[in-house]
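Visitor: Quick one: the structure is below, and I'll ask about it shortly.
The values are calculated or read from the model by the stated rules, or taken from the named source; none is laboratory data. It should be emphasised that the depicted structure is a prediction, and the values quoted were computed from it without experimental measurement. Reconstructed Cβ throughout: ideal geometry from the backbone, glycine too, with neighbour counts over all protein chains shown.
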Amino acid sequence: MPVKVAKTAGFCFGVKRAVDAVYEAIENGKRIATLGDVIHNRQVMDDLAKKGVYSYDDVMDIPEDCVIVIRAHGVGKDVYEKIGAREYIDLTCPFVSKIHTIVEKYYNDGYKIVIVGDEKHPEVIGINGWCNYEATVIDSEKTDFVADFGNKPICVVAQTTIKKEYFVQIVQNLKKTCKSTLEFDTICSATRNRQEEAATLAAESDCMIIVGGLKSSNTKKLYEISKKLCPETYHVETADEIPQKQYYKIGITAGASTPARIIREVVKAMSENLKKEESFAELFEQYDQKTLTNGDIIDGQVVEIRKNEVIVDLGGFKYNGQLAVDQITDDPSLEPSDVVKEGDTIRVYVVGVNDAEGKVVLSRKKLVAMESWNKIKAAYESEQIMEGKIIKSVKGGLVALADDAQVFIPARQVSEKYVSDLQSLVGETLTFKLIELDERRKRVVGSARVLLEAERKAKEAEFWADAEEGKHYSGTVKSLTSFGAFVDIGGVDGLVHISELSWNKIKHPSEVCAVGDTMDVYIKDINPETKKISLGFKKLEDNPWTIAQSKVNVGDVITVKIVRMMPFGAFAEIIPSVDGLIHISQIADKRIGKPEDVLEIGQEVEVKVTEANWEAKKISLSIRALIEKEEPEVVEEEVVEEDKPEEALVYSTDPEVEVEEPIAVEPAEEEAAEEVTEAPAEDAE
């Protein structure tokens, strides 16, 4: 085609939105005034002036009876303060508003703000107004600069209409001198697309016509890009300014503030300058052809994957489609490249078509949602158990993604027990059942709790069917109290009393086990009516008295440790939790006043086991039996029966065993015997 018009030529989204809003306000009978030219296009501003709409440079100059219009370029924060309570229409481009938010946030966080752009451009002035006009503005074309920001971190943003390569180069230079550099590529995607298409068109044309206002920054950039690739490049505001020459191949593009009417006039005029005749009707049809309709479903091929969007070739249609990252999937953890690859053919839903901007907004998520709703509805009706990934925590619950549909799970339906930190479940996979479906609102509610309750009841029924005393289980410790541990033994909890946790005396169950531990337990007592279960844990073979019985015999000589003193003797540890008594009469080979006269706590001594009553848990020990005495002179005398010493009684450390009074005496020591026999039985314990 000898005359080719760029698909992206004409109004961008922000400009079209602003112009349409101004004309709509005029039609509604409002008297309005714009704060600066609403767009950089003389023809549009002249037309507005004819309708009584005038432009002012300062808020204070605008008549009180006028509604103030803030143009697409945006204004500084202080301008809103000046407007105060007056009525105004804010037409700031959403892409520019995003920059305002970034600048204000990081300025308040202590960052030095750097704006890459034209410091005299109204958009840049407005951006600077959100950091108290303290930003450093770097000319987008001066990539070699020197800046000293000290040790302060910097935040870099870009004027929406600058060249991408300039911004990249400037950021690279900044990073060489600044340790902490935070960059935001805020160049408008429509601007980037427009510039890329202009470069492609200029490279294959012998004449390029750039249509747009002489004050328009983005139009100037198109001219500069095209001029480098096509020397015969002209910047015109109207068809009256086009060169009167004939060319073989003519390219036409326009800035973001150029009305479609002016572009059509230029196309018509340039068609007459062709060296080869061409039907103007065909050219006009090429530019003005209808592309797609909102709501269309179409197959396209992925041609480019960017950080925040995917570009889709829509085949024979006029424009490529733009698929934003948030319209690809509901899973925030996924990048565009995780879902689609270049060359993939995908089915998409057409959300909106902007012929002026040459933009087709697509959504895969919307189409998937339409298809997945039918799956969700079928799952609800069949009571199907579903599995979904938790993608976010919201007020009152969680949102899970199942079959590409979002399912709300209320906090009380997440588990049988209260979950204090719902955020910790984000990223986890949850099994649930759909319990509510609202067809009109397209809302579905799931519950993991109903499944957990059903599972628990099934386990309980199975447990009570064959539970009996003595049966062993491998259980999990669910909770600890001061009196014991509750253990899950398969859908039901039983109590292991603190006395059943250890043969040794303990103060708290945590000395033996912790929540989550696995324990081998057995049923000691069970009551099906009250559903109470007492569990045993101590094993007979771990009983220290059983262990002692296998190791200690009467007559053995062993080493023990003194652990406790009593008036009638000393208790000594044989093995942990098993003590024996060394009666006061068996401590030495002579009479002593008290055990402390000979022994100390912690002292280790050798003793002889003189008696062991394992049922009563009593062991008698003797040091005296090991003390060697000199052989007495043999005297042929009749031994008097009363002179024989009586045997000492044995003692136990078991508090449940009653201890008898010590009665052992030495011959001819009646007074000492009386003192010993008067020792109360309680002291023996």
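Visitor: State yes or no: is Ile526 part of a strand (DSSP E or B) and outside the structural domain of Ile390 (by TED's automatic domain parsing)?
Guide: yes
Visitor: Oh, and also: Limited to the stretch 101-123, what total is found for residues that are on the phi > 0 side of the Ramachandran plot and either of a type in the set (S, T, N, Q) or without any contact (Cβ under 8 Å) to a residue 40 or more places away in the chain (or both)?
Guide: 0
Visitor: Then there is this: When you go through Gly580, Gly536, Gly569 one by one, which is the residue that is buried (at least 23 other Cβ atoms within 10 Å of the Cβ) and touching a helix residue (DSSP H, G or I) at 6+ places or on another chain (Cβ under 8 Å)?
Guide: Going through Gly580, Gly536, Gly569 in turn, just one is buried (at least 23 other Cβ atoms within 10 Å of the Cβ) and touching a helix residue (DSSP H, G or I) at 6+ places or on another chain (Cβ under 8 Å): Gly569.
Let's see how each residue does on (1) farther than 24 Å from Ile506 by Cα; (2) at pLDDT 90 or above:
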| site | (1), (2) |
| --- | --- |
| Gly569 | yes, yes |
| Ala572 | no, yes |
| Lys594 | yes, yes |
| Ile627 | yes, no |
| Glu637 | yes, no |
| Lys644 | yes, no |
| Ala648 | yes, no |
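Visitor: Under 9 Å between Cβ atoms, at least 6 apart or on separate chains: pull out the pairs that start in the stretch 73-100 with a residue that is in contact (Cβ under 8 Å) with a residue 60 or more places away in the chain and outside any helix (DSSP H, G or I) and end on any residue that is crowded, with 18+ Cβ neighbours inside 10 Å and aromatic (Phe, Trp, Tyr).
Guide: Cys93/Phe13
Yes/no per residue for (1) polar (S, T, N, Q); (2) within 30 Å of Glu606 (Cα to Cα):
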{"position": "His508", "(1), (2)": "no, no"}
{"position": "Ile523", "(1), (2)": "no, no"}
{"position": "Phe537", "(1), (2)": "no, no"}
{"position": "Asn543", "(1), (2)": "yes, yes"}
{"position": "Ala548", "(1), (2)": "no, yes"}
{"position": "Val557", "(1), (2)": "no, yes"}
{"position": "Val563", "(1), (2)": "no, yes"}
{"position": "Gly569", "(1), (2)": "no, yes"}
{"position": "Ile574", "(1), (2)": "no, yes"}
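Visitor: Do you know which of the residues in the stretch 152-170 that are within 14 Å of Lys112 (Cβ to Cβ) and not in a strand (DSSP E or B) is modelled with the highest pLDDT? It would help to see each step written out before you state the result.
Guide: First, the residues of the stretch 152-170 that are within 14 Å of Lys112 (Cβ to Cβ): 152-157.
When the remaining residues are screened for being not in a strand (DSSP E or B), the result is 152-153.
Numbers: Lys152: 82, Pro153: 89.
Once the filter is applied, the top-ranked residue is Pro153.
Visitor: Pairs only if they're at least six apart or on different chains, beta carbon under 9 angstrom, first in the stretch 416-430 and on the phi > 0 side of the Ramachandran plot, second modelled with pLDDT under 90 and in a loop (DSSP other than H, G, I, E, B); list them, first residue then second.
Guide: Hits for this filter: Gly427/Ser333.
Visitor: Just name the residue that is nearest to the chain's Cα centre (by Cα) out of those in the stretch 69-91 that are among the β-branched types (Val, Ile, Thr) and crowded, with 20+ Cβ neighbours inside 10 Å. Even if it seems obvious, please write down each step before you answer.
Guide: So in the stretch 69-91, the residues among the β-branched types (Val, Ile, Thr) come out as 69-70, 75, 79, 83, 89.
Pick out the ones that are also crowded, with 20+ Cβ neighbours inside 10 Å and you get 69-70, 75.
Values: Val69: 42, Ile70: 39, Val75: 36 Å.
Taking the candidates together, the pick is Val75.
Visitor: Would you check if there is a residue in the stretch 376-383 being polar (S, T, N, Q), in a loop (DSSP other than H, G, I, E, B) and without any contact (Cβ under 8 Å) to a residue 60 or more places away in the chain? Before the answer, list the steps.
Guide: Initial filter on the stretch 376-383 (polar (S, T, N, Q)): 382.
From what is left, the residues that are in a loop (DSSP other than H, G, I, E, B) are 382.
Imposing the further condition that a residue be without any contact (Cβ under 8 Å) to a residue 60 or more places away in the chain reduces the set to 382.
Yes; the residues of the stretch 376-383 include at least one that is polar (S, T, N, Q), in a loop (DSSP other than H, G, I, E, B) and without any contact (Cβ under 8 Å) to a residue 60 or more places away in the chain.
Visitor: Could you please give the count of residues in the stretch 173-206 that are buried (at least 21 other Cβ atoms within 10 Å of the Cβ) and under 23 Å from Lys359 (Cα atoms)?
Guide: Selection size over the stretch 173-206: 11.
Visitor: Further, regarding this structure: For the stretch 470-487, which positions are more than 11 Å from Val521 (Cβ to Cβ) and either in contact with a helix residue (DSSP H, G or I) (Cβ under 6 Å, 6 or more places away or on another chain) or outside any strand (DSSP E or B) (or both)?
Guide: Gly470, Leu480, Ser482, Phe483, Gly484
Visitor: Part of a loop (DSSP other than H, G, I, E, B) and either farther than 23 Å from Arg264 by Cα or of a type in the set (S, T, N, Q) (or both): does that describe Lys7?
Guide: Working: part of a loop (DSSP other than H, G, I, E, B): yes; either farther than 23 Å from Arg264 by Cα or of a type in the set (S, T, N, Q) (or both): no.
Spelling it out, it is not the case that Lys7 is part of a loop (DSSP other than H, G, I, E, B) and either farther than 23 Å from Arg264 by Cα or of a type in the set (S, T, N, Q) (or both).
Visitor: Suppose the filter is surrounded by fewer than 18 Cβ atoms within 10 Å (Cβ to Cβ) and closer than 29 Å to Ala458 by Cβ; does Thr518 pass it?
Guide: In short, yes.
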